[in-house]
Structure formats: structure tokens, C-alpha cells
Amino acid sequence: MKYPYQMMQLPYAFDALEPVIDAKTMDIHYNKHYKGYLDKFNKVFEHMTDYHDKSFEELLCNLDSLPVIAHDGIRDFGGGVYNHELFWNVMSPKKQKPSEYFLKKIDMNFGSLMSFNEEFNKEANHIFGSGWAWLCTDKTGKLALMGTKNQNSPLEEGLYPILCIDVWEHAYYLKYQNRRAEFVADFWRIINWEYVEKRYQNYIK
Ligand code: MN3
């Protein structure tokens, strides 16, 4: 990556995902939370010049090979940047459905879209405290659900994330308050399936 790392531009306006995610939440999430992770990551990463050519994926897949003193900083802040950039990308104001191709993959792995939907929501609602729910793939294209705490990434577990939902309270509290399950259910209306599938295909080919 190029140091210092720069913020990714949002692919839509702050109010584009309303009413599922309100403009104020989006603004604060992007300009304060995401930027906060990025600034802290740049600080931690500043003197790690040997690693400046690495990508977030290379860093997060190989945390053990980094200087021990940087593990937590890269996991928390590097993960924070990487996870949020995926989150911005897997949402879209354009109403979409999974393609026939991807529906088949979902059926193979979860039985049906409906049971995948249920399992994904269960994972997201079940995380105690702050964290993320993920749909991941391995190199063979096998799909798996996963939940992680804080900003921990499935990359550390050898799985590649293709869809995620941020269930930290900052992601939904202004509109949904304590009703995380409602936010998780609404999230399905703004999933960018086109992006998710492209990411899947690029990884397994
Ligand atoms: Mn967040």
C-alpha cells in the first residue's frame, strides 16, 4: 500500500442507504470511526517501513510474522480499516438479488437462501458486545459463516471474507438503539450482491 494510507471514497452519498442506514449514522461512521482507525493505523505503521509495500490482507493473514509489538495495533486498527472498507463496498442503494450462479452456491452450502438468511442473522445477533458477522469462502469456494469480536478478521483464521455486517453499536444506534436484530434484518435490503459475487469469484479462480 502507499504510506500514509488514504481513506477510501464512499461509493454512494451518506443518505443513499436510507431508510436502512440514516445519513447521520453513515457520516459519523465514515468520518469519525473509520477515519479514527485509519489515523491510528497510520501511526502504528509509520515506522514499519519494511512492511509498507504489503496489503492489509498480507498483514492480517500473517500477523505472526510481524513485530510482536505491532500485533495488536495492526489487528485492531489495520483490521478496523480493512473491515470497514469491505462493509462500505458490500452495501448499495441499488436493490439487488443474488444471481442464479450464487444462489446455487448458497443452496449447496446452506440449503436455501432463507436458511442462509436465518443463519447469518443468528450469527450477527449472537455476537456479544462489539464485532462483525461474516460470510467467508475458502480457496475451493466452500462458504462459511463466522462471527468475530472487535476488529478481528476471518483472514487470521485462513478464511476470506466476502460479505460482512458491522454490529458495533456505532453502526446502528442512532436509528435502531437497542434493536440490533431489526438493523440486521433491514441490512438485507442493501446488500451489494454484485460486489459480493465478484469478490467470491476473484478469490476462488
Ligand atoms: Mn464500524
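The values are calculated or read from the model by the stated rules, or taken from the named source; none is laboratory data. For clarity, every value in this text was computed on a predicted model and none was experimentally measured. Because the Cβ atoms are built from the backbone with ideal geometry, glycine has one as well, and the counts that use them run over all protein chains shown.
Worth a mention:
- Matching residues, the stretch 118-150, being part of a loop (DSSP other than H, G, I, E, B) and more than 23 Å from Phe102 (Cβ to Cβ): Ile127, Phe128, Gly129, Ser130, Asn150
- Taking the listed residues Asn62, Asn31, the one that is surrounded by fewer than 16 Cβ atoms within 10 Å (Cβ to Cβ), more than 23 Å from Glu156 (Cα to Cα) and among the polar types (S, T, N, Q) is Asn31, with no other qualifying.
- Residues of the stretch 2-28 that are over 30 Å from Trp188 (Cα atoms) and surrounded by 16 or more Cβ atoms within 10 Å (Cβ to Cβ): Tyr5 alone.
- Residue list for the stretch 69-99, restricted to those being acidic (Asp, Glu) and either within 15 Å of the ligand (Cβ to nearest atom) or not assigned by TED's automatic domain parsing to the domain that holds His33 (or both): Asp76, Glu85
- A search for C-beta distances below 8 Å between a residue of the stretch 66-83 that is more than 15 Å from Thr49 (Cα to Cα) and among the small types (Gly, Ala, Ser) and any residue that is within 16 Å of the ligand (Cβ to nearest atom) and not in a helix (DSSP H, G or I), counting only pairs 6+ apart in sequence or on different chains, returns Gly79/Asn150; Gly79/Gln151; Gly79/Asn152; Gly79/Ser153; Gly80/Gln151.
- Among the residues making up the stretch 22-65, those that are aliphatic (A, V, I, L, M) and either part of a helix (DSSP H, G or I) or assigned by TED's automatic domain parsing to the domain that holds Leu174 (or both) are Ala23, Met26, Ile28, Leu38, Val44, Leu59, Leu60, Leu63.
- Inter-residue pairs, beta-carbon under 7 Å, first more than 13 Å from Met146 (Cα to Cα) and among the aromatic types (Phe, Trp, Tyr) and in the stretch 107-134, second at pLDDT 95 or above and assigned to a helix (DSSP H, G or I), 6+ apart: Phe110/Phe116; Phe110/Glu119
- Close contacts from the stretch 31-47, counting a first residue that is in contact (Cβ under 8 Å) with a residue 60 or more places away in the chain and a second that is among the small types (Gly, Ala, Ser), with Cβ to Cβ under 9 Å and a gap of 6+ residues or different chains, come to His33/Gly80; His33/Ala171; Tyr37/Gly78; Tyr37/Gly79; Tyr37/Gly80.
- Only residues that are in contact with a Ser or Thr (Cβ under 7 Å, 6 or more places away or on another chain) and within 16 Å of the ligand (Cβ to nearest atom) were counted in the stretch 173-205, giving 3.
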